[in-house]
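All remarks here apply to the structure that follows.
Bear in mind these aren't lab numbers, they're just calculated from the coordinates by the rules spelled out. Everything numeric here is computed off the predicted structure, so don't read it as measured data. Here the Cβ positions follow ideal geometry from the backbone for every residue, glycine too, while neighbour counts run over all protein chains shown.
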Amino acid sequence: MPKIITPSHYKTDFNCPRCGVLAPQKWYGLKKPQPYNGELEIHEVNISRLPRYAPLSVGIRVEKIIVPWRLDISVCQHCVEYSVWDNGNLVYPFENELPSAHEDMPSEVKTIYNEATLVFKHSPRASAALLRLAIETMIPLLDDYEIKRDNLNTMISKLVAKGIPEYIQQSLDTIRIYGNEGIHPGEIVLLDDQDTVSFMFELINDMVEELITRKKKIKETYSKIPLSKIQAIFKRDNKVKK
Ligand SMILES: [Zn+2]
C-alpha cells in the first residue's frame, strides 16, 4: 500500500491535492503590511523557522489578533501546481469530483475513504485497493449485523445470509474484486479506468446509506410506536415471552 500523507498547513511533504503524488511542497505567504499601504508582500515561508503559535483549531481568537488574515500558497515540487490555503485551510483545489464520504460513515472507514480520494488522480488502482480496505474495515463495524473480522469474501457471504439487498452484495463484490491488488495482470485494467473507480466511491456511500443510515432511521421511527402496538406486533409474530 503506498504511503499517504494528507495535505496539511505548513507541512513539508504530502500527497499533492493537484496530482496526488507524495511530494515536497514549497510554501509562500501573502502578507498585508500594517498599516496597509495598498501593496501586498509575497515571501517564501521557511517552515523550519516558523514561530510556534497555538494550533489554528484551538487558537482562532489568538490567530485573529496576531495575524488579521493569512493567505498561503503551497507549490508541489512534482507537478509545480499551486494549492491555496486560507488561514490554514485548504481552499483550492476544491474537493475533487469524487463524492465526499457519507456523514454516517464510521470514522475509521472515512479516513481510508479520504485517502482513496487523495490518490485517485495519481493511481485509480491504488484508490480501488484502499476502497477495498474501507469495506473490509466497515463490515465488522456494522452494529446490526454482528459480523466478526474475517476475510472479505467470508464477511460478504455472512452479510448475504443476513438478507442484505442484492445490489449491496453486488457493490461489495465489485469493490472486492476490482480492489484486489493480487488480481492477475490483464484481467482488469484499472490504470486508466477512472470512471469505474469513481463509481466505486458512490457504491460505498450507498452501502452506508443502506446498511447504517436507513437502519438507524427505521429504528428511530419504530421506537416511537406506542407500546400496545408493539405488543400486538410481538403477539402476531409469536415473540411474546411466556
Ligand atoms: Zn502535484
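With the simple spin-label model, which puts each label point 7 Å out from Cα in the Cβ direction, the L22 to K235 separation comes to 6.5 nm. A straight chain from D150 to S107 at 0.36 nm per residue would run longer than the Cα-Cα distance by 13.5 nm. Between A161 and S48, the modelled label-to-label distance comes to 5.9 nm, taking each label 7 Å out from Cα in the direction of the beta carbon.
Relative contact order for the range 107-222: 29 percent, from Cα pairs under 8 Å spaced at least 6 residues apart, divided by residue count. Each of Y36 and D195 was given a label point 7 Å from its Cα along the Cα-to-Cβ line. The distance between the two points is 4.8 nm. Ordering 217-228, 161-172 by mean Cβ neighbour count within 10 Å, with the highest value first, yields 161-172, 217-228.
Which entries in K148/K217; K32/K110; K110/K148 show an alpha-carbon gap greater than 29 Å? Check vs 29 Å cut-off fails for K32/K110.
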